[in-house]
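Written below as structure tokens is the structure these notes are about.
The values are calculated or read from the model by the stated rules, or taken from the named source; none is laboratory data. Since we're looking at a predicted model, the values are computed, not measured. Cβ coordinates were reconstructed from backbone atoms using ideal geometry, including for glycine residues, and neighbour counts include every protein chain displayed. For the accessible areas, the whole protein counts, side chains as well, though only heavy atoms, and no ligand, DNA or RNA atoms are used. Shrake-Rupley method; radii C 1.70, N 1.55, O 1.52, S 1.80 Å.
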Amino acid sequence: MSDLAREQFFDHCQHGLDLLIIGGGISGAGLLWLASLNGWRAALIEQSDFAYGSSSRSSKLIHGGLRYLPQGHWRLTREAVRERENLRALFPAIESLRFHLPFRRQAPISHSLGLWLYDVFAGRKSRDTFKMIAEIFPEISSVENLSSLSYLDAASDDAGLVIEVLKRAEACGGLAQNYVTATELLFQHDKVIGVNVRDELNGECTEIRARHIVEATGAWQGLHHALSETLRLKPLRGSHWVLPFHLFPCSQALAFKHPDDGRYVYAMPWQGCTLFGTTDVGHTAGMTTEPHISVNESAYLQCALQHHFPYRDWRPSDCLSTMAGVRPTVDDGAISADDISRELVIRHQPGYSQLKGGKLTTFLASAEKLLGEVATEIGKKHNIQRPAPDRTTKKPDAQRSVGRIAVSGCDYQVRHLDDFLLRRSRLGNTLRNGGLRELEALRPLLQQRWQWSDQRWQQEQLRYLQIWQRSYAPVAS
Ligand SMILES: Cc1cc2nc3c(=O)[nH]c(=O)nc-3n(C[C@H](O)[C@H](O)[C@H](O)COP(=O)(O)OP(=O)(O)OC[C@H]3O[C@@H](n4cnc5c(N)ncnc54)[C@H](O)[C@@H]3O)c2cc1C
């Protein structure tokens, strides 16, 4: 994107915004899209790259509320399944993913019924719910005596989804810029009327005013100090291993219990590799540095693989990369990480709202709820119109080759090499050593594309490799 577009953005922000959104993860992107679609004059700022927070580090699942079933919450499950199906109709990149739960003996009848119902809610008559694991995962020989119960959910590349939502918001007149930090809220009496922002690309500071400000900053501390004091966050970190497909060939998803604590861990296909995780541990390092997997988390994942798939000796160095994200969970007094609520929290103050938690899956429903709640304050209709299903966007190219991705990879507001490698093309997550070897071959193409001098390229490469080493490299246990 040219500097002109950036200038236009700041210009747009000086001409009476209805809504300014702080935070360019899936929550912020969803708000921008829905607000713009409903005719609000809206803009979004992101301090780093879009999807820099948990929206590029999640397990990538678009859940249908399976967890509500054991408690008998049929209605909640049906609603969540509908929301998942709505999203699938809107985004061809959200694909169905069959999950298999292995059982040594026959699966309990309650499980079979529940999963059958789950598929029925989505309008599917599931015929292949029961299968032998060895039929589905022939390469993973150690599981040959297991039977499986299966159900359908969905998955999508999370960072790709954020960019797609931002592009759709732009098509409706919403504007977004990355590398712009909100540093301070501006008040008139008790009402929030704007924010001070810093352009991280040139260090310039300016003021943006809007009729309403929404903070969708995930695990980052909120800027509204009075509100932040009343809501204590207890961030939890979840980490994944990205494994080469040939070492752990999962063409469908497999869920199995960790031998130490009985938690479910998942292996699933992602970007031509196998994504395996996740952990769930307290994150005490704060949000000023990028999160990374710890030695203990790595050992936890290794232990689960070794226990269930002893056909080889698993080592952290088997990973192509790792990925750690932080959930902005609220401190509700729960002692174990599993018991802490991951529900959405929306709070309002005059001229300002804050959104925490929630899921990738529910971003549109969350945006609809929040906008509906603030609409009357700024003189807008409170029944928020949803987007119509999209029948024009094609599915992403399933054939992944480095050259193909580099040529056709999305360039949307790429400011740094790490934006492209870690959140647009995902090459940095899926190539060994962060793609260091391939980078030399790609250099002429990318340098020309972004008109970077040799000196700029070297700076960018150094920056990227430092980030990769610190936060994405495999960690030995
Ligand atoms: C390990 C893990 C696995 C998960 N798996 C799933 C899953 O499978 N399915 C699912 O539905 N959900 C999942 N989730 C939850 C989901 O990822 C999050 O709920 C979702 O990504 C939250 O998006 P967000 O936009 O609210 O926050 P984030 O994505 O964290 O975005 C917040 C953004 O705000 C920016 N920001 C912060 N401060 C400022 C500032 N002052 N100025 C400007 N910008 C600022 C940050 O840079 C960041 O980009 C998972 C989460 C984790 C951590």
(message) For LYS191, what accessible surface area do you get with a 1.4 Å probe? Give it in Å², rounded to 10.
(response) 90
(request) Might you work out the accessible area of VAL162 for me, using a 1.4 Å probe with all protein chains in place, and round it to the nearest 10 Å²? (result) 0
(message) Suppose the chain between ASN196 and HIS15 were pulled fully straight at 0.36 nm per residue; how much longer would it get relative to their current alpha carbon spacing?
(response) 63.6 nm
(request) Evaluate E = 1/(1 + (r/R0)^6) for LEU436 and ASN383, where r is the Cβ-Cβ distance and R0 equals 56 Å; express this FRET efficiency to the nearest 0.05. (result) 0.60
(message) Please compute the volume of the convex hull spanned by the alpha-carbon atoms of the chain and report it per residue in Å³.
(response) 147
(request) Mind jotting down the three principal axis lengths of the stretch 1-78 based on Cα atoms? Whole angstrom, largest first. (result) 53, 28, 16
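Expressed as a whole percentage, what fraction of the accessible surface of the chain belongs to carbon and sulfur atoms when a 1.4 Å probe is rolled over the protein heavy atoms?
About 51 percent, which is the carbon plus sulfur part of the accessible surface.
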(request) Kindly report, to the nearest 10 Å², the accessible surface of HIS100 as traced by a 1.4 Å probe over protein heavy atoms only. (result) 0
(request) Please arrange ARG232, ARG263, ARG82 by accessible surface area, largest first, computed with a 1.4 Å probe and ligands excluded. (result) ARG232, ARG82, ARG263
(request) Could you do me a favour and compute the accessible area per residue for the stretch 200-281, 1.4 Å probe, result in Å²? (result) 40
(message) Testing the spin-label approximation: label points 7 Å from Cα along Cα→Cβ at ALA299 and GLN188. State their distance in nm.
(response) 5.8
(request) Quickly work out the HIS258-to-ASP313 label distance, labels modelled 7 Å from Cα along the C-beta direction, and quote it in nm with one decimal. (result) 2.4
(message) Rolling a 1.4 Å sphere over the protein heavy atoms, what is the accessible area per residue of the stretch 402-471, to the nearest Å²?
(response) 48
(message) Taking a ≥ b ≥ c as the square roots of the Cα gyration tensor eigenvalues, with a/c under 1.5 meaning rounded and otherwise prolate when a/b beats b/c, else oblate, which class fits the stretch 402-471?
(response) rounded
(message) Quick check: the angle from helix 363-374's long axis to the longest principal axis of the chain, C-alpha only, nearest 10 degrees?
(response) 30
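Taking 25 Å as the cut-off for C-alpha to C-alpha distance, list the pairs among LYS60/LYS381; LYS356/LYS380; LYS191/LYS359; LYS167/LYS369 that go past it.
LYS60/LYS381; LYS191/LYS359
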(request) Evaluate E = 1/(1 + (r/R0)^6) for LEU117 and GLN451, where r is the Cβ-Cβ distance and R0 equals 45 Å; express this FRET efficiency to the nearest 0.05. (result) 0.20
(request) Alpha carbons only, please: Rg and Dmax for the stretch 176-294, in angstrom. (result) 20.4, 61
